[in-house]
Amino acid sequence: MSTLRILDGGMSRELLRLGAQLKQPEWSALALIDSPQIVRQVHEEFIAAGADVITTNSYALVPFHIGEERFAQEGAALIALSGRLAREAADAAGRPVTVTGGLPPIFGSYEPQNFDPARVQDYLSVLVENLSPFVDVWLGETLSLIAEGEAVRVAVENTGKPFWISFTLADDAAQVAGAKPKLRSGETVADAALWAAGSGAEALLFNCARPEVMEAAVKVAKEAMRAKGVSMPIGVYANAFDSDTDETAANEGLHETRKDLTSDAYSRFACRWADAGATMIGGCCGIGASHIHTLAGVLRAR
């Protein structure tokens with residue numbers, strides 16, 4: 001197997017497990033306000049579970065979740081706090097741990113129709129400026145369309161730090177049954193892979209979709225890049241949502257998580273992704289430290 005990187009898992013449900021009080025629409029951003037020590041503890045638990053990479057708890061630090069007024073007044077400080085907590089946890093690990101600066105979809109998860117190219121840099125620039133002192137790599141994650149990836153590329157191009165791009169996939173019944181892999185925008189995974197290959201990104205990942213749709217996306221992305229003579233690392237971090245995530249806006253409710261997606265079951269999916277060519281593997285929403293501990297052990301033993 002090529003060099004393997006173990007990613008962390010989903011932040012929000014680990015915050016809940018450890019006693020943080022979360023509510024919509026602020027969701028995981030609320031922990032930075034009320035219980036930042038628990039945010040750091042989540043990072044530490046993922047590192048202890050075997051994660052080589054942790055991501056800042058900055059996903060909900062956008063007006064879509066915390067509102068325009070709070071973003072203007074408190075956004076910069078909260079973003080910097082999310083970066084500092086991750087950096088402290090990584091530096092205390094006793095081994096190399098990469099901190100990625102999480103750059104979320106600015107106008108809502110799984111809402112490609114709301115993307116506004118005229119305004120996106122106004123918000124991304126605040127995230128980038130305030131995370132920059134603390135992170136090693138940028139991670140544009142849960143992006144539903146290629147234009148969101150391009151916006152991240154533009155936002156970080158003068159920082160001197162590398163960037164990774166992670167797209168979220170359509171995961172309805174048709175996709176689970178084997179339909180051609182696509183982003184939530186309807187753009188094909190092949191097109192997204194070709195864009196990524198020419199963007200300067202150092203890795204292409206897929207996240208926040210059901211585990212069942214990830215293997216096909218890895219294979220399609222690798223083939224598309226191979227056909228163009230390009231090679232780059234591919235990663236996967238799936239969610240544990242009980243139904244497809246296009247049904248509910250990300251700040252309007254709490255998705256139920258699957259009871260069947262145990263640590264062992266998730267690690268079996270992880271092995272399939274690795275066999276398909278993924279070399280960066282972790283978890284998204286509902287995938288906790290116990291899942292990461294199991295998959296890290298299984299994958300590193302291969």
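The values are calculated or read from the model by the stated rules, or taken from the named source; none is laboratory data. The shown structure was predicted, so the numbers you read here are calculated from the model rather than taken from an experiment. Here the Cβ is made from the backbone with ideal geometry for all residues, glycine too, and neighbour counts use every protein chain on show. Only protein heavy atoms, including side chains, enter the accessible area calculation; ligands, DNA and RNA are left aside. Shrake-Rupley method; radii C 1.70, N 1.55, O 1.52, S 1.80 Å.
What the table shows:
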| quantity | calculated |
| --- | --- |
| Distant-in-sequence amide H partners of A93 (H built 1.01 Å from N, under 5 Å) | none |
| Sulfur and carbon atoms: percent of accessible area, the chain [1.4 Å] | 49 |
| Distance from the range 219-240 to the range 160-195 (C-alpha centre basis), Å | 10 |
| Accessible area (Å², per residue) of the chain, counting only protein heavy atoms and a probe of 1.4 Å | 38 |
| For the range 81-98 and the range 274-302, distance of Cα centres in Å | 20 |
| For Q37, net neighbour charge (Lys/Arg +1, Asp/Glu -1) across residues whose Cβ lies under 12 Å away | -2 |
| Within the chain, percent of DSSP bridges classed antiparallel, to nearest 5 | 10 |
| Choice from E141, E212, E69 with maximal GNM fluctuation in the chain (Cα, 10 Å cutoff) | E69 |
| Hull-based mean projected area of the chain, where the convex hull spans the alpha carbons, in square nanometres | 13.8 |
| Sequence ranges 54-66, 149-161, ranked by mean other-Cβ count within 10 angstrom, highest first | 54-66, 149-161 |
